[in-house]
Amino acid sequence: MERWFNVGKIVNTHGIKGEVRVVSRTDFANERYKPGNTLYLFMPNASDPISLSVTTHRQHKSFDLLTFEGFSNVNEVEKFKTGVLKIPEEQLGTLEENEYYFHEIIGCEVETVEGELIGKIHEILTPGANDVWVVKGKAGKDLLIPYIEDVVMKVDPKEKKVIIDPMEGLLS
């Protein structure tokens with residue numbers, strides 16, 4: 001079973017030369033949207049994705065603008081609106097040490113260095129200097145764990161386990 005990962009959503013067309021406006025869902029826009037790369041367009045109610053080869057990529061305001069090989073005017077890409085651009089798992093690439101894809105972290109169980117189970121990561125916030133992992137605590141309350149060296153001691157995505165050394169007040 002092939003796993004697919006969302007890299008953006010086509011929200012509109014742009015101009016008359018076949019450009020589409022994409023709300024990006026990737027930290028690697030320049031890599032994912034590089035001319036020559038293949039993206040797969042998943043449309044609502046379609047059974048199979050459409051394979052698209054990127055021809056051009058540029059940024060405009062808060063959008064990524066793309067054109068695709070074989071689609072050179074607005075009428076041809078109008079039907080792509082609301083479609084989701086994805087890549088297969090083998091296109092993910094490798095990350096640096098101590099860097100993880102969101103799908104590797106979400107679902108991990110969090111416990112303290114003393115072995116106390118805190119809960120499961122269900123969301124990741126990216127507010128600025130560091131990510132914040134949102135953990136559903138035992139009492140149902142969300143706990144915010146900053147992804148910083150002083151707090152996160154070990155991450156094991158294969159075992160779906162994270163070990164933390166909580167600062168004072170972090171878990172209350």
Just report the Cα centroid separation between region 93-113 and region 10-53, whole Å.
27
Connecting C-alpha atoms closer than 10 Å in a GNM of the chain, tell me which of 62, 51, 24 has the biggest fluctuation.
62
Lysines within cross-link reach of residue 17: Cα-Cα under 16 Å, excluding same-chain residues under 8 positions apart?
79, 81
Where in region 90-113 does the label zone of residue 37 land, with the point 7 angstrom along Cα→C-beta and an amide N cut-off under 15 Å?
90-95
Placing +1 at every Lys and Arg Cβ and -1 at every Asp and Glu Cβ, with all other atoms neutral, what dipole size does region 4-90 have around its Cα centre, in debye to the nearest 20?
340
Would you mind ranking 64, 27 so that the residue whose beta carbon has the fewest other beta carbons within 10 Å leads the list?
27, 64
As a footprinting exposure proxy, order 60, 122 by other Cβ within 10 Å, with the fewest listed first.
60, 122
Straight-line reach from residue 141: which lysines have a Cα under 21 Å away, not including same-chain ones fewer than 8 places off?
120, 160, 161
Out of 45, 169, 107 - ranked by how far each Cα lies towards the positive end of the dipole of the chain, with unit charges on the beta-carbon of charged residues - the top one is 45
Assuming R0 = 35 Å, can you tell me the calculated FRET efficiency for the pair residue 101 and residue 168, based on Cβ-Cβ distance, to the nearest 0.05?
0.70
Rh by Kirkwood over Cα pairs, then Stokes-Einstein D for region 1-147 at 1.002 mPa s and 20 °C, µm²/s:
124
In debye to the nearest 20, the charge dipole size for region 40-85, taken about the Cα centre with +1 at each Lys and Arg Cβ and -1 at each Asp and Glu Cβ, equals 200
Find how many whole Å separate the alpha carbon centroid of region 127-160 from the alpha carbon centroid of region 64-91.
35
Estimated dipole of the chain in Debye, rounded to 20 [Cβ of Lys and Arg +1, of Asp and Glu -1, Cα centre]
1020
Apply 1/(1 + (r/R0)^6) to the Cβ-Cβ distance of residue 122 and residue 69, taking R0 = 35 Å, and write down the FRET efficiency to the nearest 0.05.
0.35
Eigenvalues of the alpha-carbon gyration tensor of region 102-164, times 5 and square-rooted, give semi-axes in Å, largest first, of 16, 13, 12
1/(1 + (r/R0)^6) with r = Cβ-Cβ of residue 141 and residue 59, R0 = 45 Å, i.e. FRET efficiency to nearest 0.05, evaluates to 0.70
Among 135, 151, 57, whose Cα projects farthest towards the positive end of the dipole of the chain, with charges put on the beta-carbon of Lys, Arg (+1) and Asp, Glu (-1)?
57
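Read-outs: derived from the displayed coordinates by stated rules, not from any lab. Everything numeric in this text was worked out from a predicted model, so none of it was measured. Cβ coordinates were reconstructed from backbone atoms using ideal geometry, including for glycine residues, and neighbour counts include every protein chain displayed.
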